[in-house]
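Working notes, beginning with the structure itself.
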Amino acid sequence: MKLKELFSAHDMTAGPPWQRIMEFAVPMLVGNLAQQLYNTADSIVVGHYVGDNALAAVGSASPILNLLLALFVGVSTGAGIVISQNYGAGDRERLSNSVGNCITLAAIASAITMLIGVAVTTPMLRLLDTPVSIIDWSGDYLHIIFWGVAGCAFYNILSGILRGMGDSFSALAFLLLATVLNIGLDVWFVAGFGMGVAGVALATVLAQGISAALCMVKLLRMQDVFDFTPATLRLRRDCAARIVHIGVPSGVTQAIMSLAMLVVQSLTNSMGETVIACNVIIMRVDGFAMMPNMTFGQAMSVYTGQNVGAGKLDRVVQGRKQGTAMAVGLACAITACLLLFGRHLFALFTDTEELIVLAGRMMRIMAAGYIAIAVSQVLGGVMRGAGDTVTPMWISLFTTIFMRVPVAYALAYLTRCEAWPNGRPEALSVSLLVPWVMGAVLSYIAFRRGSWRKRLPQMMNT
C-alpha cells in the first residue's frame, strides 16, 4: 500500500473481511494505545518526580473527568456510525452535512463540558471523600483539563469522522506526534519547572489541542470526498438528530460506567492513599490491556456501518466471525503477558514494593476478564454499526450498576479485617471481573436473538 493510500479514506465493502478489518484496526489500535499514553505518562512522571500521593491525585480525578467527557463519547460514536453509513452508501450530500454537523456539535459539547466541569470539580471531589492530602492536587489537575477541554472534544470527534470514512491512519499519525510532545512537556513542566500535577495537566491540554488542529487540517484537504462549506456547519434537524439519536446510548453508557466508577472510587478512597495509588497503577495498565478489545469494537462498528450502507449484509456476518476470532486470540496473548510480566509494568509507576505486590494480586484476578471483553466488544460493535446502540447500552447499564457496584461493596464488607477495616482491595478487582464475564454472556444472547437485524431496513432507508 502506498503512503498516500494510508492517509486516504478506505472502502471496507470489498475484499477479505479480516484483511479490511485489520487494515483499519491496526493503525487505530496504535492510536488508541498512544492516546492511553497521555494519562499513563502523567502518572509515571508525577509518580517518580513528585511521589505516590501525586499519583493518587491524578487517579482520583479520572472518574470525574470520564463522567463529564461522556458527551463527547456520544457525539463521537454517533459521528463515526453516521459517517460510515453515508460513506458506504456513496451519498456525498448527506456525508457533507454529517461532517459539518459533527463539527458544530463538537463546539457545543466542548462549551457545555467546560462550564459544567469547572463549576462542579471541587464539590464532587469533596463528595467523594477525597483525602485532604491530595484534594488540592486533584482539583488543580481537573480545572486545567476542563479549561482546555476543546482540544479533547475536537480530537475525539474529528478522528471519529476520519475513522468513519475508513481513514484511521491519519488520526494515528497526528496522535503519535501529540503523544511524543505530551511526554516531553510532562517531563519539562514537572522535572524542569517543578509544576507538579498542574504541569502534566497543562501538557495534556496543549498536546490534545495540537492533535485536534491536525485532524481539522486533514479534513479540510478531503474536498474530493465531501463538501465543507459554511452551509454544512449549520445544524440540520434531521442530520443532527440522527447523530445524537445514535450516539446518545453510547454517551449514556459512558456516563453510567463513570457514575459507577465514582461510587466505587468513594469506596477506594475509604481504603487510604496506598490503595488509591495502587488502583491508579492497575487502571493505567488496564487501559492498555483493554485497548485492543475497544479497537476491535470500534473497527467492527465502522466495518458494519459501511457494509450496511452498501447493502452487503452477508459481509457483516463474515466480518463478525473473523473479527471475533482475531479479537479473542489477541486477548489471550495479552492475558498471558499480564500474568508473566505484570510486575515489570507496575514498577514503571513506583518504586514502592508494597504497591507493586498489591497491584500484582489485583491484576491476576482481572486478567482472564479481557477474553470476555473481546467477545462483548466485537458483538457490541456489530450491533452499534447496524444502528442498534440501545442494546449494548442496556447491557452496560445492567452489568455496571446492578453488578459491579453491589459486588464491590458486598465483598468489601465481607472481607473487613484488622489490616483492612474497610475491606480488602482485591474486592475492587473481583467487582470488575464479574460484570465483564456477564457482559460477554448477555452480548452473545442479544446478538443471537437478532433484534439488531430489525433495524437494518430502517437504516437502509434513512
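The values are calculated or read from the model by the stated rules, or taken from the named source; none is laboratory data. Just so it is clear, the model here is predicted, and its values are computed rather than measured. When we count neighbours, we look across all protein chains shown, and the Cβ atoms used for this are built from the backbone with ideal geometry, even at glycine. Ligands, DNA and RNA are stripped out before the accessible areas are found, and what is left, the full protein with its side chains, is counted by its heavy atoms. Shrake-Rupley method; radii C 1.70, N 1.55, O 1.52, S 1.80 Å.
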Practice item. May I ask you to list pairs of residues, at least six apart or on different chains, whose Cβ atoms are under 8 Å apart, with the first in region 418-446 being farther than 16 Å from Gln377 by Cβ and the second being of a type in the set (Phe, Trp, Tyr)? Key: Gly423/Tyr413
Exercise for review: Would you be able to say whether some residue in region 426-433 is open to solvent by less than 20 Å² (accessible area, probe 1.4 Å) and in contact with a Leu (Cβ under 6 Å, 6 or more places away or on another chain)?
Suggested key: yes
**Study point:** Residue list for region 217-227, filter: buried (at least 18 other Cβ atoms within 10 Å of the Cβ) and modelled with pLDDT of 85 or more
**Key:** Lys218, Leu219
Study note, to complete from the structure: Here the qualifying pairs (Cβ atoms under 6 Å; residues six or more apart or on different chains; first in region 92-116 and within 17 Å of Ser159 (Cβ to Cβ); second of a type in the set (Phe, Trp, Tyr) and assigned to a helix (DSSP H, G or I)) come out as Leu95/Tyr87; Ala106/Phe154; Ala109/Phe72
Check your understanding: Given (1) at pLDDT 85 or above; (2) more than 15 Å from Ser159 (Cα to Cα); (3) of a type outside the set (S, T, N, Q), where does Val244 come up short, assuming only one miss?
Key -> (1)
Exercise for review: Restrict the check to region 277-284 and report whether at least one residue is touching a helix residue (DSSP H, G or I) at 6+ places or on another chain (Cβ under 6 Å), open to solvent by 10 Å² or more (accessible area, probe 1.4 Å) and farther than 30 Å from Thr13 by Cβ.
Suggested key: yes
Exercise for review: Give the residues of region 176-211 that are under 20 Å from Gly59 (Cβ atoms) and not in a helix (DSSP H, G or I), sorted by residue number.
Suggested key: Met195, Gly196
Revision key, fill the gap. The condition of being small (Gly, Ala, Ser), at pLDDT 80 or above and touching a helix residue (DSSP H, G or I) at 6+ places or on another chain (Cβ under 6 Å) holds, among Ala213, Ala171, Ala201, only for Ala201
Review point. Of the residues Val280, Val285, which is out of contact with any Ser or Thr (no Cβ under 7 Å at 6 or more places or on another chain) and in contact (Cβ under 8 Å) with a residue 40 or more places away in the chain?
Key: Val285
**Study point:** Matching residues, region 362-372, being open to solvent by 10 Å² or more (accessible area, probe 1.4 Å) and over 11 Å from Ala440 (Cα atoms)
**Key:** Arg364, Ile365, Ala368
Exercise for review: Consider only pairs whose beta carbons are under 7 Å apart and that are at least six residues apart or on different chains; among these, list those whose first residue lies in region 373-385 and is more than 13 Å from Ile21 (Cβ to Cβ) and surrounded by fewer than 24 Cβ atoms within 10 Å (Cβ to Cβ) and whose second residue is modelled with pLDDT of 90 or more and among the hydroxyl-bearing types (Ser, Thr, Tyr).
Suggested key: Val375/Thr324; Val375/Ser443; Val375/Tyr444
Review point. When you go through Arg343, Arg404, Arg416, Arg361 one by one, which is the residue that is basic (Lys, Arg) and within 22 Å of the chain's Cα centre (by Cα)?
Key: Arg404
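Residue by residue, here is whether (1) open to solvent by less than 60 Å² (accessible area, probe 1.4 Å); (2) in a helix (DSSP H, G or I); (3) among the small types (Gly, Ala, Ser); (4) out of contact with any Ser or Thr (no Cβ under 9 Å at 6 or more places or on another chain) holds:
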residue	(1), (2), (3), (4)
Thr130	yes, no, no, no
Asp136	no, yes, no, yes
Leu142	yes, yes, no, no
Ala153	yes, yes, yes, no
Asn156	yes, yes, no, no
Leu162	yes, yes, no, no
Gly166	yes, no, yes, no
Ser170	yes, yes, yes, no
Phe174	yes, yes, no, no
Practice item. Working only within region 393-424, note down all residues that are surrounded by fewer than 17 Cβ atoms within 10 Å (Cβ to Cβ) and among the polar types (S, T, N, Q). Key: Thr415
